[in-house]
Amino acid sequence: MSVRDQLVRWRYHWHNATRFARDHPHSALVRLSGLGIMVFAAIYFVLPLYWLFSAAFKAPRTIDYPPSLIPEAISFENFVTIATETQFVGQYMINSVLVSTGAVVIVLVLATPAGYAFSRYDIKYKQYLMVAILFVQMIPFLAMIIPLYRIFSVVGLLDTLFVITLLSAANTTPVATWLIKGYFDTVPDGLEEAARVGGASRFQAFRVIVPLAKPALGAVALYAFVGAWNQFIIPLTFISSQSKWVFPVALYEFISLRGVVNWGLLGAASLIAMLPVLVLFVVFQRQFVAGLKGTEFKG
Amino acid sequence: MSTIRLDHVTKRFAEVTAVDDVHFEIEDGELLVLVGPSGCGKTTLLRTIAGLETPTEGDVSLGDRRVTDVPARKRDVALVFQSFALFPHMTVRENISFNLRMQDNLAGDEIDERVVETAEMLDIEELLDRAISELSGGQKQRVSLGRAIVTNPAAFMLDEPLANLDANLRDQMETEIVRLQKRLDITTVHVTHNQSEAMTMGDRIAVMNDGQIQQIGDPEEVFYEPANRFIAEFIGSPTMNLLSATHSRGTGIEIDGADGHMLTIPVTVTAPRSRVTVGCRPEHVVVEHGRVSGSEWLTDEVAFTEFHGASKYLFLEPEGLDQIVVHVDSNSDYEQGDLVSVRFSPAEVHVFDAESGQRIEADVPDDAERSSEPVER
């Protein structure tokens, strides 16, 4: 699109907006304040991140307070330090990926059949069960830490990556079940009925239908992955050996152990920790939204 | 191939009785059309036969086998859905072969062969490798038919398969389904709410309302001898003229005319009822220009006309009476505003009990001519 076209387009939108404001001043005001809130929220979230990342690209020991927003020279020294002197790009990353992938697998294996069953079967007290599942998630996690610690110490799972995977999956499964149930609700019953009349058992019919829920499964997988990736309290409490650290715990070290916060290193490390999730979101954003919305099927 | 027997089948959902004591048999190789208004229970009945619903009471048998508790997949019944219900993530070939692939005992070659054979029969062999989303409505319907017939099922259930198609395509598919059914000689139940589709396609028609079968018979029987007022109104287009009337043994049936005088139909009924509903199809209303004297004639202005190609309908709205529709040839010179006289042909008048709506057999005077003979019951 040429610059001219772009200008024409802007002019059109501007005219459209002013005409709308003239004709419906009330709704225009509502929209404008909505827009204002969103801009404010964006600045609120983006600014600290931007500051942290700009710190990452500054040469070490050049960050002052108040911070300068635009770095004078781009330097990758912080990243080199992180990569060479810490386990960030090595063990921690492997741990984080293992934990998150494991959580995704567990959540999908549990929530897919559960969501399907809630969507398709006439279960007694279905509504209560559905709400009960959500209630589980409403219990503050901190209240369960000590009992969980006792349980895992008895079972002998303390200081293993599996604990983080398990707890994170347990944390995500309720919402995942709801999401998948909601998505299956938008898939017409006729498809399984066609499969069943055609000779498929209930389970085979389920297997035929599952690929249709891909957008929802994708959204749930992303949600579970990010949920596990960001776990902080769980690994901090249940993990003691440094070789089993995951990213958030490792990031915490930049603040606590060295006394002074090394903003440059923290920024660089945060960026590395965020990158995989950021990439996933950018790549799968459309599918993520589609999975949350549900679809209209035309069979 | 087999007969389908429904033995006092009742299906209740919580408070609602969807199918109420349905009891009849569908013969081997027959095409039975289940017709009725929306929500009359016809689809539920079909799903009960297919095994997607279990009857609350009664039994379903296929051939000699009682299948009431047999799951759908073991019944050897194929079902075509109104929504087509094709698997959107599979190709046409995968869709058609689905039912075959669900049977464990078939080799890949044989499946391929039968899919191609079926596709040729439905004239869709060039679509086999397409995705479902690339097909038009009619093509989807063919694929859906193909998926159903490929296994050579014992019975074939069609749940309003033409409802999602446009009018021209529907006519074409009607013919095609009948031809396919005759060629395969397969016992078929076709559900529709479209009475003209029912009459075109069915070997027999079962009219349903409120979960009950109102009448089963061949199309002519249902058309010419509707068992009750509901069927009289439901079957035929435009609908039958229905007027409330009084009956006395002496004079026959009298309808209170507009200008005070009675419109008489010289027909007596066997049972001595006084209040009746009298029905006459638009095709059987006799019409003349101008005013014709005689107690059998009703004179009124044509309120408006409707042109339907080969035929034309005159709408009369006599004072104090319901609308009367008259069928005439489209080249006849009746126009809106013309003064016409009409008379109900006594031989083709239907009499119903005013309260129960049940048909009452009429004694037609011997001299009354009949334009079409009812078919033997």
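Between A:270, A:243, A:119, where does the largest GNM mean-square fluctuation fall for chain A, given springs only between Cα atoms within less than 10 Å? The residue with the greatest mean-square fluctuation here is A:243. In terms of packing, defined here as the mean over residues of other Cβ atoms within 10 angstrom, the peptides B:66-72, A:227-233 line up highest first as A:227-233, B:66-72. Projecting label points 7 angstrom from Cα along Cα→Cβ for residue A:149 and residue B:185 puts them 8.1 nm apart. Remark on segment A:3-56: Rg and Dmax equal 16.4, 49 Å (Cα only).
In summary, the aspartates and glutamates within cross-link reach of residue A:181, defined as a Cα separation below 14 angstrom excluding same-chain residues under 8 places away, comprise A:122, A:189. Under 12 Å from the Cβ of residue B:21, count the other residues' Cβ atoms, weight Lys and Arg +1, Asp and Glu -1, and hand me the total. Result for the local shell: -2. Ellipsoid semi-axes for chain A, based on the Cα gyration tensor and the rule √(5λ), read 38, 34, 18 Å when sorted largest first. Binning all Cα-Cα separations of chain B at 10 Å, short to long from zero, yields these whole-percent fractions: 5, 21, 25, 21, 15, 9, 4, 1, 0. Between segment B:1-55 and segment B:68-84, the C-alpha centres lie 13 angstrom from each other.
Report, as an integer, the average count of C-beta atoms from other chains found within 10 Å of each Cβ along A:202-214.
Numbers: counts 2, 0, 3, 3, 0, 0, 5, 2, 1, 4, 3, 0, 1.
Other-chain Cβ atoms within 10 Å of each residue's Cβ, averaged: 2.
Taken along its principal axes, the alpha carbon cloud of the protein assembly as shown reaches lengths of 118, 70, 51 Å, longest axis first.
In a GNM of chain A with a 10 Å cut-off on Cα contacts, which of A:129, A:266, A:179 has the highest mean-square fluctuation? Evaluated over chain A, the most mobile residue of the options is A:129.
Averaged over all directions, how much area does the convex hull of the C-alpha atoms of segment B:3-142 cover when projected, in nm²? It would help to have the intermediate numbers written out before the result.
Working: hull surface 40.8 nm².
Convex hull of Cα atoms, orientation-averaged projection: 10.2 nm².
Using a Gaussian network model on chain B with a 10 Å cutoff between Cα atoms, which of B:229, B:147, B:179 fluctuates the most? Result for chain B, Cα springs under 10 Å: B:179 fluctuates most. Any idea what angle helix B:137-149 forms with the longest principal axis of chain B, computed on alpha-carbon atoms, 0 to 90 degrees, nearest 10? With rounding to tens, the tilt is 60 degrees. Percent of Cα pairs in segment B:238-363 per distance bin of 10 Å, from zero to the largest separation: 14, 46, 30, 10, 0. Based on every Cα atom in segment A:1-140, Rg and the maximum pairwise Cα distance Dmax equal 25.8, 66 Å.
Averaged over its residues, how many other protein chain Cβ atoms are within 10 Å of peptide B:75-83's Cβ atoms? Mind showing how you got there, number by number?
Details: counts 2, 2, 1, 4, 6, 2, 8, 1, 8.
Going residue by residue through B:75-83 and averaging, the value is 4.
Residues of chain A were split at every exposed loop site, defined as trypsin sites (Lys or Arg not before Pro) in a DSSP loop with at most 16 other C-beta atoms within 10 angstrom, and the longest piece left, sites excluded, is A:125-257.
Here each label is just a point 7 Å from Cα along the line to Cβ, and for residue A:159 and residue B:61 those points are 7.4 nm apart.
Just so you know, all these numbers are worked out from the coordinates, no wet-lab data involved. Just so we're clear, the structure is a prediction, and the values are computed from it rather than from any experiment. Cβ: placed from backbone, ideal geometry, glycine included. Neighbour counts: every protein chain shown.
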